[in-house]
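Each remark here refers to the structure printed beneath this line.
The values are calculated or read from the model by the stated rules, or taken from the named source; none is laboratory data. Every value quoted in this text rests on a predicted model; they were computed, and no experiment measured them. Quick reminder, even Gly has a Cβ in these numbers, built from the backbone with ideal geometry, and neighbours come from all protein chains shown. Surface accessibility is based on the protein's heavy atoms, side chains included, excluding ligands, DNA and RNA. Shrake-Rupley method; radii C 1.70, N 1.55, O 1.52, S 1.80 Å.
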Amino acid sequence: MIEDNCADNRIPLPNVTSKILSMVIEYYKKHVETPKLDEHATTVDDELKAWDADFVKVDQATLFGLILAANYLNIKSLLDLTCQTVADMIEGKTPEEIRKTFNIKNDFTPEEEDQVCRENQWAFE
């Protein structure tokens, strides 16, 4: 970006709002500032996991914004955390419950839905 003269006043971050960027910076600060001392590693790891769990207790729009930002900025640990949060939201739910959770319209006809269920029976066991 510097070679392209994009670093004069700002670096463009399309699709990353200021709210999401401030949360990404908060996440980075917490993970960088947390000491990695061997003697306290378990306690520090437990505290960081608890902090991470609280960090992702946000509304869906914010969570998906964090996923997009983590992907765009190539922040693997944040991407893993946020995607795992979505996976946990889906786990154990029926397709109808997932649609309701994420406000997804079912565009299958009843016949198409039956066919998909038959073809993917393993997913419904």
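See the values below:
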{"read-out": "Computed over the stretch 68-125, Kirkwood Rh from alpha-carbon pairs, angstrom", "value": "13.6 Å"}
{"read-out": "DSSP-assigned coil residues among trypsin sites (Lys or Arg not before Pro) in the stretch 74-115, each with at most 15 further Cβ atoms within 10 Å", "value": "Lys93, Lys105"}
{"read-out": "Given Lys19/Lys49; Lys49/Lys76; Lys76/Lys105, the pairs whose alpha carbons are separated by over 20 Å", "value": "Lys19/Lys49; Lys76/Lys105"}
{"read-out": "Gain on full stretching of the segment that runs from Trp122 to Ile104 - 0.36 nm per residue minus C-alpha separation", "value": "4.2 nm"}
{"read-out": "In degrees, nearest ten, helix 110-119 long axis to first principal axis of the chain (Cα)", "value": "70 degrees"}
{"read-out": "All-pairs Cα distance distribution in the chain, expressed in whole percent, bin size 5 Å", "value": "2, 8, 14, 16, 14, 12, 11, 9, 7, 4, 3, 1, 0"}
{"read-out": "The stretch 24-124, accessible area per residue, ligands and nucleic acids excluded (1.4 Å, Å²)", "value": "73 Å²"}
{"read-out": "For the chain, built as a Gaussian network whose Cα springs stay under 10 Å, the top-fluctuating residue of Asp54, Asp45, Asp107", "value": "Asp107"}
